[in-house]
Amino acid sequence: MWSRIVIAVLSAGLLVPVGGSAQGATGPEPDQIALPNGFQPEGIATGPGPVAFFGSRSTGAIYRADLRTGKGELISKGPGTPSLGLETRGDRLYVAGGKAGDARVVNTENGEVVKSYKLTTKAAFINDVALTKDAAWFSDSTNQQLYRVPLSGDGEVKTLPLTGDIVWGEGFNSNGIEALDGGKSLVLIQSNTGKLFKVDPETGVAKAIGLGGEILTAGDGILLAGRTVYAVQNRLNTVAVIELNDDATEGKIVKKLTDPRFDVPTSVARSGSRLYLPNARFTTTPTPDTPYTAVAVTP
């Protein structure tokens, strides 16, 4: 996800590196963004410009927020199935459809569905999306495969089985996904094992990225900036900051970010110098009146 994250809250907070000192989020923009009550956010994408998009895991609605003011509006009511991982390019928003087993392309201005794709007829959980130069790649937490959707033309969906070091198990498997080196490789996190992988998009071979014996427990959305990976650990209310080596075969966790405003964040996106994260609040029983926010922090 090269674009993603906004977080809203009702009181200003502090960004606290674990084991370090607190520092406040800086900048003229609000560092908390209120989302609609009952929205149940999961994914986030930012840009182009100072805007963020949030998807509802309950209805699939899309909410667009202005990061300069914190104000926003629903641009799509959704299909009644989830909108999870999000990515933007130009006026297109690419949406992972969760248990519906699909993907959608939404116009960022008017919320209209430009195109939809049925990725699989199996029981599935399409969790996240990454964009390369010519394709959108979708992860599936249920099935041991990725899906490639062309960004232009009428090309068909390609299913890419995952092999190599990745071992499938119970619970959520593939989750956050990002493109590395313009799409020459993909970086993928596996939630149930806490492992990070480098995936060849031609062959599907996944090589484990060594983390010095550490695991990314409750790993969810990821953001890649150069050779830095920001990995959200949702129920730990933590973002692990990982520096990869030149060939992305090894990584080192150099910092862990937390914040008193975090309430089970699930994904992360960047705008300017800030990271934005939506609070999914998985530990809170959702109601139509449950408040939700997104939080901005400075890494």
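The values are calculated or read from the model by the stated rules, or taken from the named source; none is laboratory data. Being a predicted model, the structure only gives us computed values, none of them experimental. Reconstructed Cβ throughout: ideal geometry from the backbone, glycine too, with neighbour counts over all protein chains shown. For the accessible areas, the whole protein counts, side chains as well, though only heavy atoms, and no ligand, DNA or RNA atoms are used. Shrake-Rupley method; radii C 1.70, N 1.55, O 1.52, S 1.80 Å.
Taking the stretch 236-251 as the range and being part of a loop (DSSP other than H, G, I, E, B) and open to solvent by 70 Å² or more (accessible area, probe 1.4 Å) as the test, the residues that pass are Asp246, Asp247. Each residue in the stretch 47-64 was checked for being out of contact with any Lys or Arg (no Cβ under 6 Å at 6 or more places or on another chain) and within 22 Å of Thr287 (Cβ to Cβ), and 9 pass.
Going through the stretch 40-76 one residue at a time, which ones are of a type in the set (A, V, I, L, M, F, W, C) and open to solvent by less than 10 Å² (accessible area, probe 1.4 Å)? If the condition is that a residue be of a type in the set (A, V, I, L, M, F, W, C) and open to solvent by less than 10 Å² (accessible area, probe 1.4 Å), then Ile44, Ala45, Ala52, Phe53, Phe54, Ala61, Ile62, Ala65, Leu67 are the ones that fit. Residues of the stretch 164-188 that are open to solvent by 30 Å² or more (accessible area, probe 1.4 Å) and in a loop (DSSP other than H, G, I, E, B): Asp165, Val167, Trp168, Gly169, Glu170, Gly171, Phe172, Lys184. Taken as a whole, the condition of being open to solvent by less than 20 Å² (accessible area, probe 1.4 Å), within 27 Å of Lys184 (Cβ to Cβ) and among the acidic types (Asp, Glu) applies to Asp128. Look at the stretch 276-299: where a residue is open to solvent by 40 Å² or more (accessible area, probe 1.4 Å) and a partner is assigned to a loop (DSSP other than H, G, I, E, B) and of a type outside the set (S, T, N, Q), sitting 6+ places away or on another chain with Cβ atoms under 7 Å, you get Arg281/Asp263; Arg281/Val264; Phe282/Val264; Thr283/Val264; Pro286/Gly38; Thr287/Gly38; Pro288/Gly38; Asp289/Gly38. The listed residues are Thr69, Thr59, and the only one of them that is under 21 Å from Lys115 (Cβ atoms), at pLDDT 95 or above and not in a strand (DSSP E or B) turns out to be Thr59.
Of the residues in the stretch 143-163, how many are in a strand (DSSP E or B) and open to solvent by less than 50 Å² (accessible area, probe 1.4 Å)?
Step one: filter the stretch 143-163 for residues in a strand (DSSP E or B), giving 145-150, 158-161, 163.
Next, only the ones that are open to solvent by less than 50 Å² (accessible area, probe 1.4 Å) stay: 145-147, 149-150, 160.
Looking only at that region, the number is 6.
Checking the stated criteria, Asp220 turns out to be in contact (Cβ under 8 Å) with a residue 40 or more places away in the chain, farther than 17 Å from Asp31 by Cβ, acidic (Asp, Glu) and buried (at least 19 other Cβ atoms within 10 Å of the Cβ). Residues that are under 25 Å from Leu67 (Cα atoms), crowded, with 18+ Cβ neighbours inside 10 Å and in contact with a helix residue (DSSP H, G or I) (Cβ under 6 Å, 6 or more places away or on another chain) do occur in the stretch 252-264.
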